[in-house]
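Each remark here refers to the structure printed beneath this line.
The values are calculated or read from the model by the stated rules, or taken from the named source; none is laboratory data. Since we're looking at a predicted model, the values are computed, not measured. Quick reminder, even Gly has a Cβ in these numbers, built from the backbone with ideal geometry, and neighbours come from all protein chains shown. Areas reflect the complete protein model, heavy atoms only, side chains present, ligands, DNA and RNA absent. Shrake-Rupley method; radii C 1.70, N 1.55, O 1.52, S 1.80 Å.
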Amino acid sequence: MCETCGCSDGARTTITNLTAGGAARAGGHDHAPVHDHVHDPARHHRHEHGHDHPHDHVHLPDGTVVELQESVLAKNDQLAARNRAWFDGREILCLNLVSSPGAGKTTLLERTIREAGARHRFHVIEGDQATANDGERIRAAGAPVVQINTGTGCHLEADMIARALGELAPPFRSVVLIENVGNLVCPALFDLGERSKVAVVSVTEGEDKALKYPHMFQAADLVLVNKIDLLPHLRFDLDACLANIRMVTPHADVLQVSATTGAGLGAWYDWIAARCAVHQALCDLPDRDGPGARRGGGEKPTA
Amino acid sequence: MHELGLTREIVAMVAGHAGGRRVRRVVLEVGTLAGVMTDAVAFCFDAVAEGTALEGAVLEIRRVEARGRCRRCGAEFVRETLHSPCACGSFDVEGLTGAELRVLSYEIGAPEAAAEGQGA
Ligand SMILES: Nc1nc2c(ncn2[C@@H]2O[C@H](COP(=O)(O)OP(=O)(O)OP(=O)(O)O)[C@@H](O)[C@H]2O)c(=O)[nH]1
Ligand SMILES: [Mg+2]
Ligand SMILES: [Zn+2]
Ligand SMILES: [Zn+2]
Ligand SMILES: [Zn+2]
Ligand SMILES: [Zn+2]
């Protein structure tokens, strides 16, 4: 947060390009063109909120009620929309992986890169509060990766992704996989500009995970039930787990996988391939407002 | 908790919009299924507002009831949770309201308490 104005601009977030040699870059106020940090009260404090600031010309007396009607998430949503347009312009499929801590996101990504890396040009954005451990694992698996450390932040936000993309520079028709901070609560609220959220839940977490965190599961287009190799050792009612997921999110795809043995992962790779095909077809359609509307638009997503 | 970040966002948004003037009241609308704990927002608000144009301001939170429409039978009903089924048994429900998280309005002026203090 910017201590002067109270805005949360990710000042404690660091972004490290592990592929380019691992030089840590302090985050925060390198996005000055958008967020004007001159805190002279006489000057206008410019934010990307997308609203006008009519007070510049009007002097309102005390007691005046100003109608704002603005979503608290508006700033993030706008930056996410900009990321999405940037991805679409490059026909890049972006997936946002969310789960509780330890459900197996990094293990899944490592294996996915090793086994399906020839089919897709994977690029990874790793989000953790601290350490570059997961980023290093991804680099070892063979994909370009940028590590975001959120410090005290418990989720990734769209402006962090915009800054990470500046480092990652994913090419045309690549697949960007974002590993969100292990947390099933707030990543549901913060759109990053992804095409789909993928929720990972492991069989060691209990059958009722989807019921306990319905926002996250409802936001997901795909639910991966991971660690199925452990089923013989657990008292886990897989059918109840699947029924609960179905109850919360009737339209999501659900796949059972093991990131360590590889069981079921073929279906996950096929899901990615199918998503890529659909996304690229949408992006290729001329003269439409959705993906592809800004095809080739050169604007960097950097906030 | 994300409520702290959201509260900072509320304060920054209103302070930015008010363009340097004091703000004494903020009206926030939060749906019952918005995924936000209103108690936590109220708890953080005073501390986050301190030292900003909103210092001492009153935060009014209006809850919005969550309603949904069944995609199978078309019935509309109040949703207790995101997975409350329709009376017909279907879980396939389209959310109509309940996800709101919006600043509705704010009121210009020094906080009431400060104004009274000056008058006395
Ligand atoms: N048996 C089994 N273990 C798994 C599987 N997937 C992951 N694990 C183990 O679960 C632990 C956590 O896996 P990670 O991949 O680090 O989990 P994560 O979701 O990335 O964790 P955070 O980034 O901390 O949220 C590791 O010890 C993995 O080896 C699986 O399919 N089967
Ligand atoms: Mg991980
Ligand atoms: Zn600032
Ligand atoms: Zn959070
Ligand atoms: Zn503003
Ligand atoms: Zn019904």
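Whether a residue is within 9 Å of chain A (Cβ to nearest Cβ), under 19 Å from residue A:215 (Cβ atoms), part of a helix (DSSP H, G or I) and hydrophobic (A, V, I, L, M, F, W, C) was assessed, and residue B:33 does not pass this test.
Scanning the stretch A:118-149 for residues that are closer than 18 Å to residue A:17 by Cα and assigned to a loop (DSSP other than H, G, I, E, B) returns A:121, A:129, A:130, A:131, A:132, A:142, A:143, A:144. The conditions of being farther than 21 Å from residue A:149 by Cβ and either open to solvent by 10 Å² or more (accessible area, probe 1.4 Å) or part of a strand (DSSP E or B) (or both) are met by residue A:115.
Of the candidates A:63, A:28, the single residue that is away from ligand 2 (no atom under 16 Å from the Cβ), on the phi > 0 side of the Ramachandran plot and modelled with pLDDT of 90 or more is A:63.
Screening A:134, A:77 for residues that are within 16 Å of ligand 5 (Cβ to nearest atom) and not small (Gly, Ala, Ser) leaves exactly one candidate, A:77.
Any residue in the stretch B:60-79 that is out of contact with any Gly (no Cβ under 6 Å at 6 or more places or on another chain), more than 23 Å from residue A:216 (Cβ to Cβ) and among the β-branched types (Val, Ile, Thr)? Checked against the condition, which is being out of contact with any Gly (no Cβ under 6 Å at 6 or more places or on another chain), more than 23 Å from residue A:216 (Cβ to Cβ) and among the β-branched types (Val, Ile, Thr), the stretch B:60-79 yields at least one hit. Specify the residue that is farthest from residue B:25 (Cα to Cα); the eligible residues are those in the stretch B:82-112 that are within 18 Å of the chain's Cα centre (by Cα) and among the β-branched types (Val, Ile, Thr). Ranking the candidates gives B:97 first. If the condition is being open to solvent by 20 Å² or more (accessible area, probe 1.4 Å) and β-branched (Val, Ile, Thr), then the stretch A:118-163 contributes A:131, A:152.
One line per residue, one yes/no per condition, for (1) at pLDDT 95 or above; (2) open to solvent by less than 10 Å² (accessible area, probe 1.4 Å):
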residue	(1), (2)
A:165	yes, yes
A:176	yes, yes
A:200	yes, yes
A:206	no, no
A:221	yes, no
A:240	yes, no
A:255	yes, no
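Would you check which residues across the stretch A:242-286 are over 20 Å from the mean Cα position of the chain (by Cα) and within 14 Å of chain B (Cβ to nearest Cβ) and list them? A:242, A:243, A:244, A:245, A:246, A:247, A:248, A:250, A:251 - these are the residues of the stretch A:242-286 that are over 20 Å from the mean Cα position of the chain (by Cα) and within 14 Å of chain B (Cβ to nearest Cβ).
Where strands (runs of 3 or more DSSP E) fall entirely within the stretch A:168-272, those with at least 2 residues that are closer than 30 Å to residue A:71 by Cβ are at A:175-179, A:196-202, A:220-226. Pairs, please: C-beta under 6 Å, at least 6 apart or cross-chain, first residue more than 21 Å from residue A:277 (Cα to Cα) and in the stretch A:165-177, second surrounded by fewer than 20 Cβ atoms within 10 Å (Cβ to Cβ)? So the pair list comes out as A:166/A:302. Considering only the stretch B:78-105, state which residues are surrounded by 15 or more Cβ atoms within 10 Å (Cβ to Cβ), part of a strand (DSSP E or B) and of a type outside the set (Lys, Arg). Answer for the stretch B:78-105, where residues must be surrounded by 15 or more Cβ atoms within 10 Å (Cβ to Cβ), part of a strand (DSSP E or B) and of a type outside the set (Lys, Arg): B:93, B:95, B:101, B:103, B:104, B:105.
Residues in the stretch A:62-112 that are polar (S, T, N, Q), within 14 Å of chain B (Cβ to nearest Cβ) and not in a loop (DSSP other than H, G, I, E, B): A:69, A:71, A:76, A:78. Show the residue pairs that are 6+ apart or on different chains and have beta-carbon atoms under 9 Å apart, the first residue being within the stretch B:54-77 and under 17 Å from residue B:31 (Cβ atoms) and without any contact (Cβ under 8 Å) to a residue 24 or more places away in the chain, the second being more than 16 Å from ligand 3 (Cβ to nearest atom) and assigned to a loop (DSSP other than H, G, I, E, B). From the stretch B:54-77, the pairs are B:76/B:96; B:77/B:84; B:77/B:86; B:77/B:87. The residue list B:48, B:41, B:27 contains one member that is facing chain A (nearest Cβ under 7 Å) and either of a type in the set (Val, Ile, Thr) or in a loop (DSSP other than H, G, I, E, B) (or both), which is B:48.
Being away from chain B (no Cβ under 11 Å), touching a Ser or Thr at 6+ places or on another chain (Cβ under 9 Å) and either aliphatic (A, V, I, L, M) or under 20 Å from residue A:242 (Cα atoms) (or both): is that true of residue A:162 here?
Working: away from chain B (no Cβ under 11 Å): yes; touching a Ser or Thr at 6+ places or on another chain (Cβ under 9 Å): yes; either aliphatic (A, V, I, L, M) or under 20 Å from residue A:242 (Cα atoms) (or both): yes.
Taking the combined requirement at face value, the residue satisfies it.
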